Amino acid sequence: MKKIILYTLLAILILIVTVLPISAQTPKGQGLIRVTDESGQTGFINAEGEVIVEPQFGGAQEFSEGLAGVLVEGKWGFIDETGQMIIEPQFDDASNFSQGLAFVGVKGPEGLRYGYIDPSGQFVVEPQYGAATLFREGLAKVTEPNYTGYIDRSGEFVIEPGFQQAFAFKEGLALVNVGDKWGYIDETGQVAIPLTFAFATDFSEGLAAVSNEQHKYGYIDQTGELVIPYQFDDARPFQDGVALVGQAPPQSEDPVHPWQGNFTYRLIDQKGQTVTELPITPSGNFVEGLAPVSTPEGRYGYIDTSGQMVIEPQFDVALDFSDGLAVVSVNGKMGAIDPSGDWVIEPQFDILQPFSDGLAQISVDNKYGFVDKTGQIVIGPQYDFTGQFSEGLAVVAVDGQYGYIDQTGQMVIEPQFENAAAFINGLASVTVNGKAGYVDPTGQMVIEPQFLYTFEFGENDLAPATIGGEERYLNRDGSVAFDSPGLYANDFKEGLTTVQQNGRFGYIDRTGQVVIPADFQQAMFFSEGLAAVAVDNQWGFIDPQGNFVVEPQYDFVGDFTNGYAMVMKNNRAGFIDATGQVVIEPQFEQALPFTEGLAAVQSGGLWGFIDETGQMVIEPQFLQVNLGYANQKPVLFVEGLAPVEADSGQFGYIDSSGEFVIEPQFSWVSTFTNGLAYVEIRGDDGVTQQGYINPQGEFVWGPLVSPTGGLFGSY
């Protein structure tokens, strides 16, 4: 059972700055720009700064095909460029229009279901899918927990579900995979390029990077012909006629990866000819014509597609451009620059978080506030903690108590709770006297505090909760939707969750029906379409119908992650693939999941790393490795670095050659996320300081002594 815990905010440490973009050109050729006034209401101005649509909405999307989604009292509708409401607010979620249709979400008995409307607001495809995407090239990808397929504008499946992963169509082809092989399908669902590649990427400017079993990359055209031979160790998408490619040192015999260092990079044209050699290393992709690069000294700048340095290396951190801005850091302060390198938001913040509902969280001197997309401080740093804005409100902490503010900084729910979470689907979990309940946006207690633990209301509009020792699933009004048919109530994963009955485990669906009988000694959640179950103390894997894909035969197993699962036999760990084939024989004391092509394994009480062939590439030497999570998946090597504990008892970071890039010096560390990692330093006096470092080991924020209630308060 998941608890409301401290430090959850680490999971959202993604430093991305966006601006309110100029919309797609309207039929009149006039672009409109979203703006938010001091009261937190959103409207639109033109390029001359004239107000075209008065600020009046709780949120708004950019214009697309003459319409823009707007949020009114929690419901989405659509306006035209004069501000006239064309489609009345009625939807619980909505996208932009694309190719004449927009997907919208409507809450029902099965939770949020998606369908498609036309510009009049009429449903062309009724709400029925768990997830939906925009129409591209006449097709849209729709998803349920156990399948992905493509529909046409009438809602008919043009491409029947059947692939483990399927991506949006790009240039007439969509990337798909089955097992460990990748290929492409056309818009009729036919396999256009056979699934023969070890890995593949989307098409861009007529070419796509693909790799062979030796981890070498080349480029194919849309017929599947290899037009640039396999030769690269890193290959990026084409943009403006050029692509970034990287080469490992000539002496490298085993498969290598870009983060192993010593790569040389160049720009090539579509014939594979070198346009220019790059003296420094790219740290991102070309986006909006620019790519971040780093010098050996750890300074970041930007090059254009000719390889010219257009923004000189000068930053401690530099991220990809997005909507005309890039987040950068100088001397531990964060701001944002435009493509000319000029400051749009001056470097002044200890932390600059992602924008949400038009505002971004900032931190100055360990106090939190919010800034808008022009860099103007809308809510001054004053709180011990702030969460991100969600549904127009943000959690704040004052003197150890939690409440909520609106986008003007007005305290709308006074600090009074021991813990508080973000609003999701109109409700937020709060804790009073050690019991959890739910409040609405007015602060009204909708579900009285009575639970030991609570979950958020999920995709099925149900929340597991524990009350009086009983496990139940709640409706949004606090009524019991159904008692757990078993001993525990858990989160749903891939449409199913475990249930315990009479000491055995099975699975229920979102209606509470037992769909896989409780015949198993133990059971885990579904992951990548398979779930681990135990029979007679032996573990195997079943599919969502309850059929064994891997017969029970192992002493213990882990979830499938990136196509592999750890298995243990006779107290030794190895790996299998999704067919049950043993790819690395059990031989280690422990093993963790593969991330970025490497897995941590324990041998002789110490930890080292193997590659996907089972080759030991970093000899066992570390006391401990710190596993992190991203998108509910375990990760270890992230952005080329892994946190490990040296024999000194201090933590540092190694690269995939096993060399310490950041020397051991911390009492605790996390994995890197978008260029930053959370670390702790414990002094001789027992006081712990906390902050964030960049990949060079430099503090970009902190270190600061944790305030009461933890560095991040409660979330």
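The values are calculated or read from the model by the stated rules, or taken from the named source; none is laboratory data. None of these values were measured; they are calculated from a predicted model. All Cβ positions, even for glycine, are placed from backbone atoms using ideal geometry, and neighbour counts span all protein chains on display. We work out accessible area using only protein heavy atoms, side chains counted, and drop any ligands, DNA or RNA first. Shrake-Rupley method; radii C 1.70, N 1.55, O 1.52, S 1.80 Å.
Name the single residue that is modelled with the highest pLDDT among those in the range 170-195 being among the polar types (S, T, N, Q) and not in a strand (DSSP E or B).
So in the range 170-195, the residues among the polar types (S, T, N, Q) come out as 177, 188, 190.
Subset that is not in a strand (DSSP E or B): 188, 190.
Numbers: T188: 71, Q190: 76.
Of everything passing the filter in the range 170-195, Q190 is modelled with the highest pLDDT.
May I ask you to list the residues in the range 43-59 that are at pLDDT below 85 and closer than 14 Å to G77 by Cβ?
Scanning the range 43-59 gives G58, G59.
Just a yes or no: is a residue in the range 619-626 over 19 Å from V557 (Cβ atoms), touching a strand residue (DSSP E or B) at 6+ places or on another chain (Cβ under 8 Å), open to solvent by 40 Å² or more (accessible area, probe 1.4 Å) and outside any strand (DSSP E or B)?
Start the filter on the range 619-626 by keeping residues that are over 19 Å from V557 (Cβ atoms), which leaves 619-626.
Cutting the leftovers down to touching a strand residue (DSSP E or B) at 6+ places or on another chain (Cβ under 8 Å) gives us 619-626.
Remaining after also requiring open to solvent by 40 Å² or more (accessible area, probe 1.4 Å): 619, 621, 623-624.
Next, from what is left, pick out any that are outside any strand (DSSP E or B): 623.
Yes; the residues of the range 619-626 include at least one that is over 19 Å from V557 (Cβ atoms), touching a strand residue (DSSP E or B) at 6+ places or on another chain (Cβ under 8 Å), open to solvent by 40 Å² or more (accessible area, probe 1.4 Å) and outside any strand (DSSP E or B).
Taking the residues in the range 548-560 that are within 31 Å of the chain's Cα centre (by Cα) and free of Cβ contacts under 8 Å to residues at least 24 places away in the same chain as candidates, determine which candidate is most open to solvent (accessible area, probe 1.4 Å). Reasoning before the result, please.
The initial filter retains those residues of the range 548-560 that are within 31 Å of the chain's Cα centre (by Cα), namely 548-550, 556-560.
Still in the list and also free of Cβ contacts under 8 Å to residues at least 24 places away in the same chain: 548, 556.
Values: F548: 70, F556: 87 Å².
Ranking the candidates gives F556 first.
So, in the range 294-303, of the ones that are over 17 Å from N331 (Cβ atoms) and at pLDDT 85 or above, which residue ends up surrounded by the fewest Cβ atoms within 10 Å (Cβ to Cβ)?
Out of the qualifying residues, it is I303.
Mind checking which pairs have a first residue in the range 432-446 that is on the phi > 0 side of the Ramachandran plot and a second that is in a loop (DSSP other than H, G, I, E, B), Cβ under 8 Å, 6 or more apart or different chains?
N433/E418; G434/E418
Inside the range 114-136, can you point out the residues that are assigned to a loop (DSSP other than H, G, I, E, B), within 15 Å of A168 (Cβ to Cβ) and either modelled with pLDDT under 75 or under 20 Å from the mean Cα position of the chain (by Cα) (or both)? Before you say what the answer is, go through the steps one by one.
From the range 114-136, those assigned to a loop (DSSP other than H, G, I, E, B) are 118-122, 130, 133-135; that's our starting set.
Imposing the further condition that a residue be within 15 Å of A168 (Cβ to Cβ) reduces the set to 133-135.
Selection gives T133, L134.
Which residue pairs have Cβ atoms under 7 Å apart, sit 6 or more places apart or on different chains, and have a first residue in the range 599-610 that is at positive phi and a second that is surrounded by fewer than 24 Cβ atoms within 10 Å (Cβ to Cβ) and assigned to a strand (DSSP E or B)?
Hits for this filter: G604/P620.
Is the range 423-436 home to any residue that is part of a loop (DSSP other than H, G, I, E, B), aromatic (F, W, Y), in contact with a Phe, Trp or Tyr (Cβ under 9 Å, 6 or more places away or on another chain) and modelled with pLDDT of 80 or more?
Start the filter on the range 423-436 by keeping residues that are part of a loop (DSSP other than H, G, I, E, B), which leaves 423, 425-426, 433-434.
Pick out the ones that are also aromatic (F, W, Y) and you get 423.
Narrowing the set further to residues that are in contact with a Phe, Trp or Tyr (Cβ under 9 Å, 6 or more places away or on another chain) leaves 423.
Retained after the next criterion (residues that are modelled with pLDDT of 80 or more): 423.
For the range 423-436, residues part of a loop (DSSP other than H, G, I, E, B), aromatic (F, W, Y), in contact with a Phe, Trp or Tyr (Cβ under 9 Å, 6 or more places away or on another chain) and modelled with pLDDT of 80 or more: present.
Provide a single number: the residues in the range 185-201 that are out of contact with any Asp or Glu (no Cβ under 7 Å at 6 or more places or on another chain) and closer than 24 Å to F560 by Cβ.
7
Which residues, taken from the range 404-422, are part of a loop (DSSP other than H, G, I, E, B) and either polar (S, T, N, Q) or open to solvent by 50 Å² or more (accessible area, probe 1.4 Å) (or both)?
Of all residues in the range 404-422, those part of a loop (DSSP other than H, G, I, E, B) come to 406-410, 418, 421-422.
The answer is Q407, T408, Q410, E418.
Which condition number in (1) over 28 Å from the mean Cα position of the chain (by Cα); (2) surrounded by 15 or more Cβ atoms within 10 Å (Cβ to Cβ) is the one that Q61 fails?
It is condition (1) that Q61 fails.
I'd like the residue in the range 280-302 that is hydrophobic (A, V, I, L, M, F, W, C) and part of a strand (DSSP E or B) and, out of all such residues, is farthest from P313 (Cα to Cα).
Filtering the range 280-302 for residues hydrophobic (A, V, I, L, M, F, W, C) gives 280, 286-287, 290-291, 293.
Restricting the remaining residues to those that are part of a strand (DSSP E or B) gives 287, 290-291, 293.
Numbers: V287: 17, L290: 13, A291: 12, V293: 8 Å.
Here the residue is V287.
Look through P339, P347, P313 and report the one residue that is part of a loop (DSSP other than H, G, I, E, B) and more than 16 Å from Y692 (Cα to Cα).
Numbers: P347 fails: part of a loop (DSSP other than H, G, I, E, B); P313 fails: part of a loop (DSSP other than H, G, I, E, B).
After applying the criteria, what remains is P339.
Being open to solvent by 70 Å² or more (accessible area, probe 1.4 Å), of a type outside the set (D, E) and in a strand (DSSP E or B) narrows it down to one of Q602, Q587, so name that one.
Values: Q602 fails: open to solvent by 70 Å² or more (accessible area, probe 1.4 Å).
Answer to the selection: Q587.
Determine whether the range 196-205 contains at least one residue that is open to solvent by 60 Å² or more (accessible area, probe 1.4 Å), outside any strand (DSSP E or B) and modelled with pLDDT of 80 or more. Steps first, answer last, please.
Here is the first cut: in the range 196-205, the ones open to solvent by 60 Å² or more (accessible area, probe 1.4 Å) are 196, 199, 205.
Subset that is outside any strand (DSSP E or B): 205.
Remaining after also requiring modelled with pLDDT of 80 or more: 205.
Within the range 196-205 (the criterion being open to solvent by 60 Å² or more (accessible area, probe 1.4 Å), outside any strand (DSSP E or B) and modelled with pLDDT of 80 or more), the answer is yes, since at least one residue qualifies.
Considering only residues of the range 653-682 that are crowded, with 22+ Cβ neighbours inside 10 Å and at pLDDT 90 or above, which is farthest from M334 (Cα to Cα)?
Only one residue tops the list, namely I654.
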